[in-house]
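First, the structure itself, so that you have it in front of you.
The values are calculated or read from the model by the stated rules, or taken from the named source; none is laboratory data. Just so we're clear, the structure is a prediction, and the values are computed from it rather than from any experiment. Glycine also receives a Cβ, built like all others from the backbone with ideal geometry; neighbour counts cover every protein chain displayed.
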Amino acid sequence: MTNGYLLDTNIAIAIFMNEGNVVDFSTITECEVFAGLKPEEQLLAEKLFTTKRCIDITSDIAKLAGTIRRDQKGKGRKLKTPDALIIATALASDLILVSRDADMSFVQSELEVPLLKI
């Protein structure tokens, strides 16, 4: 049994654009969303990203993400640091990863991270 859902950045952006409901966010997702915002969108985003919805990246999550990146590189897969941190956060927090990213398809079979693709 999982503790909930972790949204990949592409899902958070879709939600921000009124494509769905807000569930959980990671700080990596928060960073990536804020980097792409127009100044007039900042206030709305700040309301979405509250401490109740964000998961901090701990040292253990960062180490796990590094290990995942290294292991995937050994398999010939280029995994970006934000994606590795999102995957590690889902693993460490026992969350279902929600993503539209085709590059995340391996997480379910190789890392046993439940994946919901929408």
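Given the structure, is Ile11 assigned to a loop (DSSP other than H, G, I, E, B) and either at pLDDT below 85 or at negative phi (or both)?
Criteria not met by Ile11.
On to the next question. Report yes if Val113 is under 13 Å from the mean Cα position of the chain (by Cα), part of a loop (DSSP other than H, G, I, E, B), aliphatic (A, V, I, L, M) and surrounded by 20 or more Cβ atoms within 10 Å (Cβ to Cβ), otherwise no.
Yes.
Closer than 20 Å to Leu116 by Cβ, assigned to a loop (DSSP other than H, G, I, E, B), at pLDDT below 80 and touching an Asp or Glu at 6+ places or on another chain (Cβ under 7 Å) - does that describe any residue in region 19-40?
Within region 19-40 (the criterion being closer than 20 Å to Leu116 by Cβ, assigned to a loop (DSSP other than H, G, I, E, B), at pLDDT below 80 and touching an Asp or Glu at 6+ places or on another chain (Cβ under 7 Å)), the answer is no, since none of the residues qualifies.
Looking only at region 53-102, filter to residues that are charged (D, E, K, R) and within 14 Å of Leu6 (Cβ to Cβ); which one of those is surrounded by the most Cβ atoms within 10 Å (Cβ to Cβ)?
Asp83
At pLDDT 90 or above, among the charged types (D, E, K, R) and not in a strand (DSSP E or B) - does that describe any residue in region 85-104?
yes
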